């Protein structure tokens, strides 16, 4: 009978340890969630302090079609490769806008002062824009956002 008592006490001790481990893990998860919420609230407070609260809310508020206007790659839970790909895509869109502006300025210059040099500049800029679109399309990006009839 003494052996049964020892076995029973051992099982009770193991259940107690398992319960403590589970409680510690739960407490740790809650602490992490609280820290994340605090950081998010702190950032929102700083954004609000500079007068951009409404804009920030529009970026993160749930919408009918998704989790907010902000793309998933900017969220904390995004995988690193997803975040890098997303930021590369944003950089490509930014570069596309700069190229479009340069093409527009060169087109105006061509109208004011037609020359082979300005025409060559326009063609080179269009070539850069097309190469950018091919790069984004090859990387699985949205080529349609980078191509246009100009």
Response to the item:
Going through segment 79-100 in order, the residues found to be more than 18 Å from the chain's Cα centre (by Cα) and under 16 Å from residue 135 (Cα atoms) are 96, 97, 99
Worksheet item: farther than 21 Å from residue 137 by Cα and surrounded by 13 or more Cβ atoms within 10 Å (Cβ to Cβ) - does that describe any residue in segment 79-101?
Response: no
Item to complete: Assess whether residue 146 counts as being surrounded by 13 or more Cβ atoms within 10 Å (Cβ to Cβ), at pLDDT below 95 and touching a helix residue (DSSP H, G or I) at 6+ places or on another chain (Cβ under 8 Å).
Response: yes
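The values are calculated or read from the model by the stated rules, or taken from the named source; none is laboratory data. This one's a predicted model, so the numbers in the text were calculated from it and none came from an experiment. Don't worry about glycine lacking a Cβ; one is built from the backbone with ideal geometry, like all the others, and counts go over all protein chains shown.
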